[in-house]
1. Can you spot a residue in the stretch A:40-47 that is open to solvent by 30 Å² or more (accessible area, probe 1.4 Å), within 11 Å of ligand 1 (Cβ to nearest atom) and within 14 Å of chain B (Cβ to nearest Cβ)?
2. Quick one: how many residues across the stretch A:122-144 are small (Gly, Ala, Ser) and within 24 Å of B:PHE280 (Cβ to Cβ)?
3. Where residues in the stretch A:143-176 are away from ligand 1 (no atom under 16 Å from the Cβ) and part of a loop (DSSP other than H, G, I, E, B), which of them is surrounded by the fewest Cβ atoms within 10 Å (Cβ to Cβ)?
4. List the number of the failed condition for B:GLU244; all other conditions in (1) among the acidic types (Asp, Glu); (2) open to solvent by less than 40 Å² (accessible area, probe 1.4 Å); (3) within 13 Å of chain A (Cβ to nearest Cβ) hold.
5. Here are B:ALA227, B:ALA180: which of them is at pLDDT below 95 and away from every other protein chain (no Cβ under 14 Å)?
6. As an exercise: evaluate A:GLU53 against (1) surrounded by fewer than 21 Cβ atoms within 10 Å (Cβ to Cβ); (2) within 17 Å of the chain's Cα centre (by Cα); (3) within 16 Å of ligand 2 (Cβ to nearest atom) and give the number of the one condition it does not meet.
7. Please determine, by comparing only the residues of the stretch A:247-267 that are under 15 Å from A:PRO348 (Cα atoms) and open to solvent by 70 Å² or more (accessible area, probe 1.4 Å), which one is farthest from the chain's Cα centre (by Cα).
8. For the stretch A:58-74, indicate whether the set of residues that are within 16 Å of ligand 1 (Cβ to nearest atom) and open to solvent by 50 Å² or more (accessible area, probe 1.4 Å) is non-empty.
Amino acid sequence: MAFLELHSLTKRFGAITAVEDLTFSVERGSFVSLLGPSGCGKTTTLQMVAGFETPTDGRIVLDGRDLSGVPARERGLGIVFQTYALFAHMTVAENVAFGLEMRKVAKAERTRRIADALDLVHLSHLEDRYPRSMSGGQRQRVALARALVIEPQLLLLDEPLSNLDAKLREEMQLELRRIQREAGVTTLMVTHDQSEALAMSDSIVVMDRGRLRQDATPFDVYEMPQSSFVSRFLGKSNNLAARLGESGPDGAALHCGNVVLHGPKADLPPGPVEIALRPERIALTGPDGGKLRGTVAERVFMGNQWLLRVETEIGDMLVMRYNTGRREADIGETVGLDWNPADIRILPAETNPA
Amino acid sequence: MSARATRAWLLSTPALILFAVLLLVPLLMTFLLSFNSFDFYGGIGSDLSLANYAEVLGDSYFYEIFGRTFLIALITTLICAAIGVPQAYILYRMSPLWRSITVLIVIGPLLISVVVRTLGWAILLGNKGVINTALIDIGLIERPIRMMYTSGGIVLALVHVMVPFMILAVWAALQRQDPAVESAAESLGARPATIFFRIVLPQAIPGVLSGSLIVFSLSASAFATPAILGGRRVKVVATTVYDEFLNTLNWPLGAAIAMLLLASVLVVMLSWNRLVERRFGEVFQ
Ligand SMILES: Nc1ncnc2c1ncn2[C@@H]1O[C@H](COP(=O)(O)OP(=O)(O)O)[C@@H](O)[C@H]1O
Ligand SMILES: [Mg+2]
């Protein structure tokens, strides 16, 4: 049995169904991300785990204990809010002390644990400051220390990095992961940022419109998306409508307009499908080579890589090239696109596109 | 001066003129008047002296009036805070629809003239008023309780007039706080009462302090309510000034009292502000 289990969790606000039949679990000590576009029900899910919202249906089980009816203050969870929600009238040390005071921890032990928590987030030198006079990154660390000092069974993070600027965000991703490992605390993080989820998690739960779309490791979610939505939401992807022919022993034939492409063996019945191909798996060849010919319509230089939009007869294809210091194909140039057929993902055709 | 600054000054000229004509000029004239002499037969003299101030400061009668005025203002402020803070918190926690309705009810009284409201209190509080009649009819008391012409009656009516200011000030402060703060405290194990006293209330303190400032200064200089409910018997500074001007016709003495009231209210306000800034400057803005 997993440490945290959500069973068919559902939440309705009047006519709106924010979360629908959500089932997943979190292993002890792991870092799991709840990933999805804004408004897909991530925060609502987290609020139900935290005890601030009551599920309309379903159960939450933490370490074998059903949490229904357990008030938020008795769940013993550490929560970091998107806005940090620091107590503005208390110093850093007082903020961190609050949870320990509520637990009636003796003075001496309290002092020791506050020092440990601040040490963990590298803020020991600022314990007498007020939150108002701190930077976003520092406030974030205070919020983290405050949540961790009570030694929670579970740490909940709601978009913890979204209020930081891009550079600090990347630093904090590593930092947050280090702190989580050192504290050894099971963590459930909500985010709409796929790169954050990929970089930080042991496992990613992808949600869309209140429903679970996929639950797997970052590598598997990226490499083996099970739906068009997941393939497009994580990273960049060229998605094309196609018709799946009979699968042979060495793969399947995919009809895209007048072009026939070869893909890996598919478990799907012949008929309409969607194919997905990552831009970084496409190589550029001379105009006569490759599997598809096209014209470069747009070219963006991004420092470590080039992003090209190539117009082909089956539609526009994005191509990502690492910048190796050589000249890249120019706008208007005719190029050939090549890839390994095994890199094509065959997905069920989307019935109700978002 | 840059063109921008010049334009700013030009644009504010009409308001500045209005301000000067309607506030500064009368104030300055009252100030000058307070140094003139007065006698019953000769009227207002044109000489300048500190005699009026000396008269006020040397007479225990005036000390009593000033003391009573500030005590009334202080108690009114305390009661307003005691009522206003919980009510503002309730308002803050309401659903948007109920909140709009309640805000309307809260500021509704401000739309009615103070005189009308105070006369309403007079009807309730009088010896033959609604409250006393009812209590006698029920048989709880035999003789009416005196409520008209007492400081208590004035405080009661002033609280009614002033409490919206306190509620609005505290409510504004509560709205500035992050709503997730209460959830954070709850997740750390705090019970509702603890959350209110240790998290919500301290963050609302700046609102309570600014609300107190408004209520105190308005109460200390209130005229209509003490005039109607205090009458001749319970005088406050504002009614004393009125009497000097219109009954005794000793304008210079009235002006001196008015100036002393203004000065003492200013001193209270400024030191209050200093205290607040020193205590909370680091925590809040
Ligand atoms: N208290 C509420 N009342 C009504 N609708 C709500 C409430 N909270 C959330 N919702 C709705 O539920 C859906 C999911 O919201 P949320 O969980 O906040 O999404 P996310 O965190 O993924 O952006 C949204 O459509 C939102 O409008
Ligand atoms: Mg959210």
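The values are calculated or read from the model by the stated rules, or taken from the named source; none is laboratory data. Keep in mind that what you see is a predicted model, and the values were worked out from it rather than measured. Glycine also receives a Cβ, built like all others from the backbone with ideal geometry; neighbour counts cover every protein chain displayed. The protein model used for the area step is the full one, side chains on, heavy atoms only, and it has no ligands, DNA or RNA in it. Shrake-Rupley method; radii C 1.70, N 1.55, O 1.52, S 1.80 Å.
1. Within the stretch A:40-47, the subset open to solvent by 30 Å² or more (accessible area, probe 1.4 Å) is A:43, A:47.
Going one step further and asking which of them are within 11 Å of ligand 1 (Cβ to nearest atom), we end up with A:43, A:47.
Now restrict to residues that are within 14 Å of chain B (Cβ to nearest Cβ): A:43, A:47.
Yes, the conditions are met somewhere in the stretch A:40-47.
2. Taking the stretch A:122-144 and keeping what is small (Gly, Ala, Ser), we get A:124, A:133, A:135-137, A:143.
Retained after the next criterion (residues that are within 24 Å of B:PHE280 (Cβ to Cβ)): A:133, A:135-136, A:143.
Residues that pass the stated criteria total 4.
3. Checking each candidate, the answer is A:ASP165.
4. Of (1) among the acidic types (Asp, Glu); (2) open to solvent by less than 40 Å² (accessible area, probe 1.4 Å); (3) within 13 Å of chain A (Cβ to nearest Cβ), only one is false for B:GLU244: (3).
5. Numbers: B:ALA180 fails: away from every other protein chain (no Cβ under 14 Å).
Within the list B:ALA227, B:ALA180, the selection yields B:ALA227.
6. If we test A:GLU53 against (1) surrounded by fewer than 21 Cβ atoms within 10 Å (Cβ to Cβ); (2) within 17 Å of the chain's Cα centre (by Cα); (3) within 16 Å of ligand 2 (Cβ to nearest atom), just (2) comes out false.
7. The selected residue is A:LYS265.
8. No, the conditions are met nowhere in the stretch A:58-74.
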